[in-house]
Structure formats: structure tokens, C-alpha cells
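Just below is one structure, and these are the notes that go with it.
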Ligand SMILES: Nc1nc2c(ncn2[C@@H]2O[C@H](COP(=O)(O)OP(=O)(O)OP(=O)(O)O)[C@@H](O)[C@H]2O)c(=O)[nH]1
Ligand SMILES: [Mg+2]
């Protein structure tokens with residue numbers, strides 16, 4: 001008997017130039033392009049990871065960071081299993097924007113979505129403006145996953161997508177067992193429950 005193919009829809013969000021498209025390019029094609037263009041609207045690619053000996057297919061949507069290219073925002077979030085909120089570790093402003101991205105998730109995403117905060121561009125260590133601890137603490141306050149990576153070197157890119165897929169798979173198993181979904185909070189420090 002062939003096992004059912006699991007496909008998850010993932011979404012990359014975050015301020016313009018943090019490296020969302022570069023992360024997708026690294027993960028799906030194992031490439032990096034120094035002069036990659038800004039994203040207009042949305043784009044998507046397929047990727048695959050192995051979790052518990054299962055092949056998980058991921059349809060990953062890359063969104064535009066620039067407001068003027070984000071006209072159809074709510075539709076991006078439909079049927080999304082996981083969301084990566086990306087910031088640039090050399091740019092504190094992009095880290096400060098995370099709360100705004102959470103507001104957008106709260107208004108548009110399914111309640112049981114897996115969320116991961118990701119600090120990108122760790123290869124630029126000498127220009128680092130946001131410490132690992134600061135990122136980890138913020139993710140802890142939202143009860144979501146956290147990781148740092150570099151789309152340029154590829155470090156921790158595949159591992160982070162695998163971590164998200166693994167968490168999504170766990171949630172899927174749980175929700176199959178329980179007919180009712182647990183309540184999830186997107187608000188900082190108001191809940192001890194972990195949604196991802
Ligand atoms: N050094 C370094 N540069 C990176 C890394 N990731 C992306 N960049 C560079 O950062 C710039 C922006 O990258 P993009 O991938 O286009 O960023 P984006 O978040 O998709 O931007 P928008 O499409 O405008 O939302 C490009 O010049 C990339 O080459 C990284 O890990 N390290
Ligand atoms: Mg882009």
C-alpha cells in the first residue's frame with residue numbers, strides 16, 4: 001500500500017530585503033544570487049524534507065516585503081500550515097517589525113498555524129545588530145519556534161524548514177485524535193500554551 005503524500009503550504013513573510021526570496025532559492029534550488037530582485041506580489045516553489053522517514057512536500061509561498069506590492073494579503077494566508085517570519089540580524093528595524101507581522105497573522109491565518117521567527121544573514125556576524133538571545137526571547141514570548149540562518153552560506157536553512165514540517169506533522173496528528181482544536185493565542189505573554 002502506498003502512503004499518502006503529505007503536502008504542506010508554507011508562507012514566508014517579513015520586511016523587504018530581509019532575504020525571504022534568497023531563503024526560498026537556497027532551500028529549493030541550493031543557489032544564492034547576490035543581485036536578486038525585489039518580489040512583486042507572490043511567488044512560490046516546491047521543496048521537500050524528510051520527517052520520521054516520511055517525505056513531506058512543501059509548497060512555499062514567497063511574499064513581497066514592500067507594502068505597495070502587498071495588495072492581496074489575506075488570500076496568501078488561506079490554508080497555510082506554517083509561516084516563517086524573517087528578519088535581518090544586521091537590521092534592528094526589521095526585528096522590531098515582527099509584532100506587526102504577528103498582527104497580520106492574527107487577522108488572516110488559520111488558528112493552528114505553525115510559526116517560526118527566523119533571523120537571516122548570520123554570515124554578516126561583524127554587522128550583527130540583534131543577538132541570538134534577543135531573538136530567542138521574543139520567540140519564547142510568542143510561544144513559537146526560533147532559528148537563525150544564512151541564505152548565503154545555506155547554514156541552518158534546511159534544518160529550519162524540517163523543524164517546521166516536523167511541528168506541523170505533530171499538530172496534524174494531534175488534531176486527528178482530538179475533534180476539537182485547542183485555542184491558540186497570537187498575543188505576547190497572554191498564554192502559556194505553545195502553538196508551534
Ligand atoms: N550576506 C547576505 N546577504 C543576503 C542573505 N540573504 C539575502 N541577502 C541579500 O539581501 C538582499 C535582499 O534579499 P531578498 O531575498 O531579495 O529579500 P526579500 O526579503 O525577498 O525582499 P522583498 O522581495 O523586497 O520582500 C539581496 O541583495 C540578497 O542577496 C544572507 O543570508 N546573507
Ligand atoms: Mg523577495
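Values quoted throughout were computed directly from the atomic coordinates according to the rules given, and no laboratory measurement underlies them. Please read these numbers as outputs of a predicted model, since none were measured by experiment. Note: ideal-geometry Cβ built from the backbone for every residue, glycine included; neighbour counts use all protein chains shown.
So what is the 222 nm mean residue ellipticity for the chain from helices alone, if each DSSP H run of at least 4 adds -39500 (n - 2.57) and you divide by all residues, rounding to the nearest 500 deg cm²/dmol?
When only DSSP H runs of four or more count, the value is -9500 deg cm²/dmol.
Over the alpha-carbon set of region 87-136, divide Rg by the Kirkwood Rh and report the Rg/Rh ratio to two decimals.
1.05
When the Kirkwood radius is taken over all Cα pairs of region 41-91, what Stokes-Einstein diffusion coefficient follows at 10 °C and 1.306 mPa s, in µm²/s?
D = 122 µm²/s.
Would you work out the relative contact order for the chain, in percent, from Cα pairs under 8 angstrom that are 6 or more residues apart?
Relative contact order for the chain comes out at 23 percent.
If you build the convex hull over the alpha carbons only and average its shadow over all orientations, what do you get for region 76-162? Give it in nm² to one decimal.
Projected over every direction and averaged, the Cα hull of region 76-162 covers 5.6 nm².
Measure out, as a whole number of angstrom, how far apart the alpha-carbon centroids of region 81-107 and region 1-38 sit.
Each part's Cα centre sits 16 Å from the other's.
Let's test the formula: R0 of 35 Å, r as the Cβ-Cβ distance of residue 103 and residue 34. What FRET efficiency results, to the nearest 0.05?
The calculated FRET efficiency here is 0.60.
Report the rotationally averaged projected area of the chain based on its alpha-carbon convex hull, in square nanometres.
Averaging across all directions leaves 11.4 nm² for the Cα convex hull.
Arrange 142, 77, 132, 87 by Cβ neighbour counts within 10 Å, fewest through most, would you?
By the 10 Å Cβ count, ascending, the order reads 132, 77, 142, 87.
Over all distinct alpha-carbon pairs, what is the Kirkwood Rh of region 1-117 in angstrom?
Taking every pair of different Cα atoms in region 1-117, averaging 1/r and inverting gives 15.0 Å.
If one computes the Cα centroid of region 42-63 and of region 118-165, what distance in Å separates the two points?
So the separation of the two Cα centres works out to 19 Å.
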